[in-house]
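Student: Below you'll find the structure I mean.
Just so you know, all these numbers are worked out from the coordinates, no wet-lab data involved. All values reported here derive from a predicted model rather than from experimental measurement. Cβ placement follows ideal geometry from the backbone for every residue including glycine, while neighbour counts extend to all protein chains displayed.
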Amino acid sequence: MSWFFILQALYFFLPAYCANMAPVIFRRFPWLGFPVSEKYFGSHKTWRGLVVAVLFGTAVFWIQRRLYTQGFVSWALVDYSGFSLWFGVCMSAGAILGDLVKSYYKRKVDIAPGKPWLGWDQLDFVIGGLIGVMFVYVPDVLVVVVLLVLSSGLHVLVNYLGYILKIQEKKF
């Protein structure tokens, strides 16, 4: 396995990464800022987060598809021109729904909203995004392994960067 393959796998999953970050980036926007269900998911999971995650991740896929059709093919693991926007919708929705499912189980085991749940906080959106994209495309098992292994570390790194940039309140 080469470094370039690892970069291709991360590029493939870019819509899910962006979908996962979107609720934090857009959290100060005033619209749809009410909880999906405070009882089941906590106060931090809002309709705004769900909507912007899917829209942002889908937009990233649309950009990837445009780049692919303009000749930027070497980074692609898939023929992006062969997929509709449903690819981006499924991956992005899967990522944010994976996070929502994890929040439900955090409430079940009495972990307060915003408190860490080591392991699950880093992989919830990855598992969800992979399940979501499998409705339209099944990635190679090596891609899945790379994403599961590397995403945990990247999640921690991006959260810390968000903290330094004052986008996020907590380091991890």
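Student: May I ask you to derive the relative contact order of segment 1-133, considering only C-alpha pairs under 8 Å and at least 6 residues apart, and to give it as an integer percent?
Tutor: In percent, rounded to a whole number, it is 28.
Student: Tell me the Rg and the Dmax, in Å, that the Cα atoms of the chain produce.
Tutor: Gyration radius and largest Cα-Cα distance of the chain: 15.9, 50 Å.
Student: Of the residues Phe41, Phe72, Phe125, which exhibits the maximal mean-square fluctuation in a Gaussian network model of the chain defined by a 10 Å Cα contact cut-off?
Tutor: Result for the chain, Cα springs under 10 Å: Phe72 fluctuates most.
Student: Moving on to the next point. Take the Cα pairs of segment 103-172, get the Kirkwood Rh, then feed it into Stokes-Einstein at 37 °C and 0.692 mPa s and tell me D in µm²/s.
Tutor: Estimated via Stokes-Einstein, D reaches 242 µm²/s.
Student: By how many degrees, between 0 and 90 and to the nearest 10, does the Cα long axis of helix 3-12 differ from the longest principal axis of the chain?
Tutor: Roughly 60 degrees, rounded to the nearest 10.
Student: Still on this structure: Between Gly49, Gly114, Gly129, find the one with the highest GNM mean-square fluctuation for the chain; connect C-alpha pairs within less than 10 Å.
Tutor: Gly114
Student: Which value at 222 nm does the chain reach when only helices count, each DSSP H run of 4 or more adding -39,500 (n - 2.57), with the total divided by all residues and rounded to the nearest 500 deg cm²/dmol?
Tutor: That calculation yields -21000 deg cm²/dmol at 222 nm.
Student: Another question about this same structure. Could you give the longest part of the chain that holds none of the trypsin sites (Lys or Arg not before Pro) found in DSSP loops with at most 14 neighbouring Cβ atoms within 10 Å?
Tutor: 29-165
Student: Report, in whole Å, the centroid distance computed from the Cα atoms of segment 6-37 and segment 52-76.
Tutor: The two parts, judged by their Cα centres, are 15 Å apart.
Student: Quick check on my link table: of Lys45/Lys108; Lys39/Lys166; Lys108/Lys166, which ones sit more than 23 Å apart, alpha carbon to alpha carbon?
Tutor: Distance filter (> 23 Å) returns Lys39/Lys166; Lys108/Lys166.
Student: Same structure, new question: Residue-wise, which Karplus ³J(HN,Hα) couplings in Hz belong to segment 40-45, taking 6.51 cos²θ - 1.76 cosθ + 1.60, θ = phi - 60°, and x for glycine or proline?
Tutor: Karplus values, whole Hz, x for Gly and Pro: 8, 10, x, 7, 7, 9.
Student: Can you list the aspartates and glutamates whose alpha carbon is less than 19 Å from that of Lys106, not counting same-chain residues fewer than 8 positions off?
Tutor: In chain and number order, the partners are Glu38, Asp121, Asp124.
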